[in-house]
Amino acid sequence: MSAEAATGAQTFVLGPVEQIPLGEGRAFAVDGGQVAVFRLRDGSLRALPAVCPHRGGPLADGTIDLGVVVCPLHQHAFDLATGCSTTGADNLSPYEVSTDEQRNLVLQVPV
Amino acid sequence: MTSVLDSPRATPSGPATRRRLVVIGNGMAGARAVEEILARGGAGQFTITMFGDEPYGNYNRIMLSHVLSGEESDADIFLNSLPWYQENGITLHAGVKAERIDRFTKHVFSNDGRVTPYDTLIIATGSRSHMPPMDGLYTPGGSIKQGIFGFRTIDDTRKMVSHARQEHHRRAVVIGGGLLGLEAAHGLRSIGLEVDVVHSAGHLMSAQMGPDGGAVLRRSVEALGIRVLTGSRTTAVLGNDRVTGVSLRDGTDIACDMVVVAAGIRPNVDLAVLSGLPVERAIVVDDRLRVQDEDHIYAVGECVQHRGEVYGLVAPLWEQAVVLANHVTGTDTSSLYLGSRTATKLKVAGVEVASMGLHGPELETDEHIVFSEPSRGVFKSIVVRNNKMVGATLLGDSRKVAYLTQAYDRGLPLPEERIGLMFDLGTPDGDTGVAELSDDAQVCNCNGVSKRTLVDAVQGGCATVAGAMEATRAGKGCGSCKLLVRQVVEWAADGAVEEDPAAGYYVPAIPLDKPALMAEIRKRGLRSVSAVFQALAPGGEDARSKMGLASLLKMMLAERYIDERDARFINDRVHANIQRDGTFSVVPQMKGGVTSVEQLRRIADVAEKHNVPLIKLTGGQRIDLLGIRKEDLPQVWADLDMPSGYAYGKSFRTVKTCVGRDFCRYGTGDSTKLGIEIESRFQGIEAPAKLKLAVSGCPRNCAESLVKDVGVVAVEGGRWEIYVGGAAGAHIRKGDLLATVDDPEEVKVLAGRFMQYYRERANWLERTYSFVPRVGIEHLRDVIVSDSEGIASRLDAAMQDSIDSYEDPWKERAEPVTPGQFRTSLPLTVLPQVPVQ
């Protein structure tokens, strides 16, 4: 599933993009941790750590738009592209995510 | 009686290099001063020697009345027992009286013949009971007559108790109706004596309060069975070798077996006078607690006169001990004692008493606010001068003391409505005024946002209420603090708060209020949330607007609504309520709170099979299974095979009912049956906020109908009252009576029509307790009951549409609506652990 790339990032293939409905997120177990991958309504993909830094809420269950995800527990919001909180919580480090030719999700995790 | 404890313990620096600190007095002031010195590393600087003329360690004199009444044993009140002195390397001469000092050669002379050299001296000789002049205090031999007691030391107290316990001793007279006298009277009364208090001033506790407060206190004291004589002086103690009574100035005699003299205290200054130290009313000290003109002698406590004041309370003593220790140890030589504002809060004879500053108005312009309720023993008096509080007396109710003490100490501006000083008028909004809230006062109790955090946000550039709320999350919990948040923001912005145009929008992303938005949606034929964003939202899709739009469209369109699951909140995607640990709660429908053996058995089986961590009865008379993982939800629903109870949505939730007519001997209407019918009819209906209902079978209101969004009460004569807009959560509100009707069917019609009107007109997340007062109950009666706008039939039809489109969401268990609908989102890392019950 994973391959070490020259960029210093590890690559994980997470399966078909259709696992994620448009406008929602799903959580994936990656390398002993969890990553929330979001499929925006314009079709683009974003990925953040799955745990809200505020009180551990499941971000993949959050509500999203093209800019932010709102955590379902206490409504802290995070910029999907930068991971920065817009509501004063700690920031998150985003992951790079894309699809390959088979329309599989491909996630880059820094080593 | 002398016991000497020499410390065997040598400290690292060795005695030779340390200076000699001698403390005369081992009471609360002396011992506290030493504790403060030790806390500043004093053990390394000094060898410490203490003299105490009582043969004990240090005890809490304030608690002596509890020893007298038997509430505490004398062992309970010791602050520092003898081993404490040993452990801290202190040489204590207990039971030894220091008689004189030579301040030139720096020596202390004590009554055991000892001469003790010092480098630094602290005098903390305290005070003693004042014996007012009267005949018969002393025996011809010169000692105090048997049966007369002071009330100052633990020995006084022990002797009083043993005297009072003697069989034939039944009556006591306490001379002095101040704090100490009342405490003595209360203690003696508690151990069964008849007690008279003789007080020379016109009212009790005359040093702490005015005559009106004293009168209320007198009632409370008399209610304890204590007789009170005010304006009455004791002129003689009767009896030859033992007490038989007292004579008063007016010539009356009171028979008694013991007399307690609690007529004030006097500082113990004999040693200071003998030693040539400056003494006026007490030993004169400067702002560093140094005795005037002495470099090496300090004094602290009740024996001290500072800036003309002599204090007889414990709080000033604590403050003095800190300043003294700063100087003696050299840790803070800039530290100054500037006097204490004496605000006292204590319990006297079981009555709460707080007193500060003036007892009554002194200038013509002083305001005096007084509340008196003698039957409950409550009295409150506040003196205001130039909009500052300069005095207060509170008796029997000390709830506002913390606030008043703050207002008094800091000279805070006061609320215009002065009554707010005395009573809590609801939440601290408006009444207290935001200006005087302290910076660390918590404004939002859900998210723990302080006033300072909000002010910082405003000063950081959030000039709108919504902006500050967004940045701090204040008001984003239960919402009950929103008014206060708004006031803080407006105050912090100092009038520069920008009017928030979005405040009137139904959802933040679309600049339209609800009626205009609904009109646009109809006009353009929009049927999905994404279509609404595309057509009407200038900034496009917005996460925070999705849920409100989804609810609105479902309400407007019923079956014609195109449901996009991403517009739903997680609870509505998986039909369960998310919990703090990311698991969910499952509440099956239990109409009217009525269940059956089959249901209970099934619920029990499911809970057992799925290892449900917590089974909880809800306030809405249902059973909640908590701690269910998302991926297990479909199986749990299948095993339950019961419909959803909608305990997660902004929707019609439940109907609470009482037992009703069948079983209850008071029931006048069949509340259970009607409740079940209402729940069957309106189950799952979406609304701007949740709807909780109740039906009670009689005006005893066991289902709490008056505090429900819609509450129904059966009244005698087969009639039903319908209340709307009640609440008993973050807000408490009694519902308004919408109508009284004869027929349960009519109840269902009007309740449905009201709910439909609310669905169409209320703002997103606006509960009925806000909506009903906003539009007004008269207006609602006109529209709903009298059909003044001619829309009743349309409302009924719209509600019927929604009812017809109801589908039990738990049926989605067979086939997920979206890929991974019930896939886990729980991180593998540790979440806040909810303990298993």
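The values are calculated or read from the model by the stated rules, or taken from the named source; none is laboratory data. The structure displayed is predicted, hence computed values, not measured ones. Glycine gets a Cβ as well: all are built from the backbone with ideal geometry, and neighbour counts include every protein chain shown.
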State the number of residues belonging to the stretch B:213-264 that are more than 20 Å from B:G150 (Cβ to Cβ), within 44 Å of the chain's Cα centre (by Cα) and of a type in the set (V, I, T). 4
Scan the stretch A:58-95 residue by residue and report those that are farther than 15 Å from A:L45 by Cα, among the charged types (D, E, K, R) and surrounded by fewer than 23 Cβ atoms within 10 Å (Cβ to Cβ). A:D90
Expected single match for crowded, with 19+ Cβ neighbours inside 10 Å, out of contact with any Lys or Arg (no Cβ under 9 Å at 6 or more places or on another chain) and over 26 Å from B:F151 (Cα atoms) among B:I123, B:I101 is B:I101
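Only residues that are at negative phi, small (G, A, S) and touching a residue at least 24 places away in the same chain (Cβ under 8 Å): list them for the stretch A:14-63, please.
Matches in the stretch A:14-63: A:G25, A:A27, A:A36, A:A47, A:A60, A:G62.
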Could you list all residues from the stretch B:554-567 that are at the interface with chain A (Cβ under 8 Å from one of its Cβ atoms) and in a loop (DSSP other than H, G, I, E, B)? B:E564
Confirm whether A:T86 is polar (S, T, N, Q), within 10 Å of chain B (Cβ to nearest Cβ) and in contact (Cβ under 8 Å) with a residue 12 or more places away in the chain. yes
Here the qualifying pairs (Cβ atoms under 8 Å; residues six or more apart or on different chains; first in the stretch B:722-744 and in a loop (DSSP other than H, G, I, E, B); second exposed (fewer than 14 other Cβ atoms within 10 Å of the Cβ)) come out as B:G725/B:P773; B:D742/B:G718
Residues of the stretch B:580-592 being in contact with a helix residue (DSSP H, G or I) (Cβ under 8 Å, 6 or more places away or on another chain) and either within 14 Å of chain A (Cβ to nearest Cβ) or outside any helix (DSSP H, G or I) (or both), which ones? B:G582, B:T583, B:F584, B:V586, B:P588, B:Q589, B:M590
Could you go through the stretch B:75-84 and let me know if any residue there is buried (at least 17 other Cβ atoms within 10 Å of the Cβ) and touching a helix residue (DSSP H, G or I) at 6+ places or on another chain (Cβ under 8 Å). yes
From (1) of a type in the set (A, V, I, L, M, F, W, C); (2) assigned to a helix (DSSP H, G or I); (3) at pLDDT below 90, pick out the condition that doesn't hold for B:A496. (2)
Count - residues of the stretch B:35-66 that are out of contact with any Gly (no Cβ under 8 Å at 6 or more places or on another chain) and of a type in the set (V, I, T): 3
Please give the number of the condition B:L600 fails out of (1) free of Cβ contacts under 8 Å to residues at least 60 places away in the same chain; (2) over 23 Å from B:E815 (Cα atoms); (3) surrounded by 18 or more Cβ atoms within 10 Å (Cβ to Cβ). (3)
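For every residue, the table says whether it meets (1) outside any loop (DSSP other than H, G, I, E, B); (2) under 34 Å from the mean Cα position of the chain (by Cα).
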position	(1), (2)
B:G276	no, no
B:P316	yes, yes
B:S335	no, yes
B:H359	no, yes
Please indicate, with yes or no, whether at least one residue in the stretch B:818-831 is surrounded by 14 or more Cβ atoms within 10 Å (Cβ to Cβ), among the aliphatic types (A, V, I, L, M), touching a helix residue (DSSP H, G or I) at 6+ places or on another chain (Cβ under 9 Å) and in a helix (DSSP H, G or I). no
Candidates B:Y85, B:Y59, filtered to the one that is closer than 30 Å to B:H186 by Cα and touching a strand residue (DSSP E or B) at 6+ places or on another chain (Cβ under 9 Å): B:Y59
Are any of the residues in the stretch B:693-701 more than 32 Å from the chain's Cα centre (by Cα), within 20 Å of B:M555 (Cα to Cα), modelled with pLDDT of 95 or more and not charged (D, E, K, R)? no
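In the stretch B:531-548, is there at least one residue being at pLDDT below 90 and more than 14 Å from chain A (Cβ to nearest Cβ)?
Narrowing the stretch B:531-548 to residues at pLDDT below 90: none.
Scanning the stretch B:531-548, I find no residue that is at pLDDT below 90 and more than 14 Å from chain A (Cβ to nearest Cβ), so the answer is no.
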Only unsatisfied item for B:D572, checking (1) acidic (D, E); (2) free of Cβ contacts under 8 Å to residues at least 40 places away in the same chain; (3) within 13 Å of chain A (Cβ to nearest Cβ), is (2)
Can you pull out the strands (runs of 3 or more DSSP E) entirely within the stretch A:1-63 that have at least 1 residues that are within 11 Å of chain B (Cβ to nearest Cβ), under 24 Å from B:R568 (Cβ atoms) and modelled with pLDDT under 90? A:33-39
Where residues in the stretch B:278-314 are part of a loop (DSSP other than H, G, I, E, B) and among the β-branched types (V, I, T), which of them is farthest from B:G44 (Cα to Cα)? B:V310
Given the conditions (1) in contact with a Cys (Cβ under 9 Å, 6 or more places away or on another chain); (2) aromatic (F, W, Y); (3) assigned to a helix (DSSP H, G or I), every one holds for B:Y666 apart from (3)
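What number of residues in the stretch B:106-144 are without any contact (Cβ under 8 Å) to a residue 60 or more places away in the chain, touching a strand residue (DSSP E or B) at 6+ places or on another chain (Cβ under 8 Å) and not aliphatic (A, V, I, L, M)?
Going through the stretch B:106-144 one residue at a time, the tally reaches 6.
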Can you pull out the residues in the stretch A:96-111 that are out of contact with any helix residue (DSSP H, G or I) (no Cβ under 9 Å at 6 or more places or on another chain) and either among the hydrophobic types (A, V, I, L, M, F, W, C) or closer than 14 Å to A:S44 by Cβ (or both)? A:E96, A:V97, A:S98, A:V106, A:L107, A:V109, A:V111
When every residue in the stretch B:727-767 that is out of contact with any Pro (no Cβ under 8 Å at 6 or more places or on another chain) and hydroxyl-bearing (S, T, Y) is compared, the one modelled with the lowest pLDDT is B:T740
Consider B:N577 carefully, then state whether it is touching a residue at least 60 places away in the same chain (Cβ under 8 Å), farther than 25 Å from B:Y505 by Cα and within 12 Å of chain A (Cβ to nearest Cβ). yes
Residues within the stretch B:439-461 that are hydrophobic (A, V, I, L, M, F, W, C) and away from chain A (no Cβ under 11 Å), tallied: 6
Would you mind telling me which numbered condition in (1) in contact (Cβ under 8 Å) with a residue 12 or more places away in the chain; (2) part of a strand (DSSP E or B) B:V659 fails? (2)
State whether one or more residues within the stretch A:64-78 are over 20 Å from B:E631 (Cβ atoms) and part of a helix (DSSP H, G or I). no
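Would you confirm whether or not the stretch A:91-111 contains a residue that is in a loop (DSSP other than H, G, I, E, B) and within 7 Å of another protein chain (Cβ to nearest Cβ)?
The answer is no; no qualifying residue exists.
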